[in-house]
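The values are calculated or read from the model by the stated rules, or taken from the named source; none is laboratory data. All of these numbers come straight from a predicted model, not from anything done at the bench. Neighbour counts run over all protein chains shown; Cβ positions are idealised from the backbone, glycine included. These area figures cover heavy atoms from the full protein model, side chains too; ligands, DNA and RNA do not enter into them. Shrake-Rupley method; radii C 1.70, N 1.55, O 1.52, S 1.80 Å.
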Amino acid sequence: MVKEEIGTSVPEGVYQAGERLKGVIVRTPLAVNYNLSNLYKANISFKREDLQQVRSYKIRGAYNKMATMPPKELEKGVVCASAGNHAQGVAFACNKMKVKGTIFMPLPTPGQKLEQVKMFGGHYIDVVLYGDTFDEAKDAAMRFCQDHSRVFIHPFDDPAIIEGQATVALEILEQAVRPVDYLFVPVGGGGLAAGVCSVFKELSPETKIIGVEPSAAASMKKALEKGKPVLLEKISRFVDGAAVQKVGDLTFNSCRNVLYDMATVDEGLVCETILSLYNKDAIVVEPAGALSVAVLNKYKEEIQGKNVVCIISGSNNDITRMEEIKEKALLYAGLKHYFLVRFPQRPGALKTFVMDVLGPDDDITYFEYTQKNSKEKGIAVVGIALKQNNDFPPLIEKMKKYDFFVNYLNNDPSLMNLLI
């Protein structure tokens, strides 16, 4: 689909971005997912931005922004702040364009992401670890820009960044063999969503665009409720690619009147989706990359018989996180439970618990017990995995019947953070 055939008012910068990015990015496939299509009785396709060289769509905006900067500004070098994907996109662009870059990342950034940034950037970039959060790293990056007269490459709230991300939408419309009824797009700061909205509102206005955020970092949803971007006091950073305390002004204005709906997804469901995509389709996604798929069940009635596209935004997932992801998925599904258990300090107490309390399919996955010689009964922390969630009520009943039950821990966030 070429511009002349459409005759619309899509921003000229989007088409120019598409030309700049030729030979730089991967034209990622729009691939049918047969498992989900059968499950939801719809035609569901994935836009596979996880297959970019930097394993996310962020290279589009980063490269486009730098390619539009005056040569004199580029000569001074560029600066960005990121906990992952944007940093990799900027690093790749610096290496490709032979531009010096300084990348600020939070101190807790996983080693895998640090190594990826260094690999993509080579000797053209310096990585500075600063602060415990993205916001602290960003503040340090902004100060560095002022002190050294360098340009800050914003992760989302910049016209050139948005136009670069908008090329995802152009590709979707060029690749789609039939009109897109529903488009699910992950939202962090809103750069990708803003770009998609700017294109679809002109080229495919009938498409219902649904933004998806993690429920514990729903900054766009809050902005839409308040009528302007607002700073969330506290967010969870588990879905790190979409964990933003405040969406951008530009991105909010682009999305506010175009999004059909703004949905949120629980972290546990995100984890279930990550495992499902890996086990059923051999697709590896990061938490943010799973958002557009995790939300489908909320719209199962609406999308039946429709043509649906889910943008898979990235696959930068550290393998060391998989145990945590599995744990969160089991907790969300009601298949993993933690208790404080009272054990009489006499021979055979544990055997009674295993034989008379646990069901035939229940499994002890965590056990921590310290014997207290001065007490008749000792307290243990016990984790139990179930085969099905309806095994939970009889488990509780038998624990109380045999006087083992002290407390249920799953509903205590502070204690669960220590256990997981």
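Taking residues in segment 66-89 that are among the charged types (D, E, K, R), and partners anywhere that are part of a helix (DSSP H, G or I) and open to solvent by 40 Å² or more (accessible area, probe 1.4 Å), the pairs with Cβ atoms closer than 8 Å and at least 6 places apart or on different chains are K76/H148. The residues on offer are V244, V270, V196, V258, and the sole one that is closer than 25 Å to K306 by Cβ, in a loop (DSSP other than H, G, I, E, B) and touching a residue at least 40 places away in the same chain (Cβ under 8 Å) is V258.
Any residue at all in segment 130-151 that's in contact (Cβ under 8 Å) with a residue 60 or more places away in the chain, assigned to a strand (DSSP E or B) and under 18 Å from the mean Cα position of the chain (by Cα)? No, every residue in segment 130-151 fails to be in contact (Cβ under 8 Å) with a residue 60 or more places away in the chain, assigned to a strand (DSSP E or B) and under 18 Å from the mean Cα position of the chain (by Cα). Comparison of Y366, Y338 shows that the only residue that is open to solvent by 60 Å² or more (accessible area, probe 1.4 Å), hydroxyl-bearing (S, T, Y) and either assigned by the TED database to the domain that holds E286 or in a strand (DSSP E or B) (or both) is Y366.
Which residues, taken from segment 174-193, are open to solvent by 20 Å² or more (accessible area, probe 1.4 Å) and either part of a helix (DSSP H, G or I) or in contact with a Pro (Cβ under 7 Å, 6 or more places away or on another chain) (or both)? Walk me through it before giving the result.
Initially, segment 174-193 is screened for residues open to solvent by 20 Å² or more (accessible area, probe 1.4 Å), giving 174-179, 181.
Across segment 174-193, the qualifying residues are E174, Q175.
Residues in segment 116-159 that are in contact with an Asp or Glu (Cβ under 8 Å, 6 or more places away or on another chain) and more than 16 Å from G101 (Cβ to Cβ) were compared, and the one that is least open to solvent (accessible area, probe 1.4 Å) is G131. For segment 375-396, the set of residues classified as open to solvent by 50 Å² or more (accessible area, probe 1.4 Å), under 23 Å from K328 (Cβ atoms) and assigned to a loop (DSSP other than H, G, I, E, B) consists of K387, Q388, listed by residue number.
Comparison of E163, E115 shows that the only residue that is within 30 Å of F200 (Cα to Cα), under 25 Å from the mean Cα position of the chain (by Cα) and not in a loop (DSSP other than H, G, I, E, B) is E163.
Look through L277, L291 and report the one residue that is crowded, with 19+ Cβ neighbours inside 10 Å, closer than 19 Å to Q165 by Cα and touching a helix residue (DSSP H, G or I) at 6+ places or on another chain (Cβ under 8 Å).
Working: L277 fails: closer than 19 Å to Q165 by Cα.
Unique residue meeting the criteria: L291.
Among the residues of segment 26-56, those identified as open to solvent by 30 Å² or more (accessible area, probe 1.4 Å) and within 15 Å of I172 (Cβ to Cβ) are V26, R27, P29, L30, A31, V32, N43, R48, L51.
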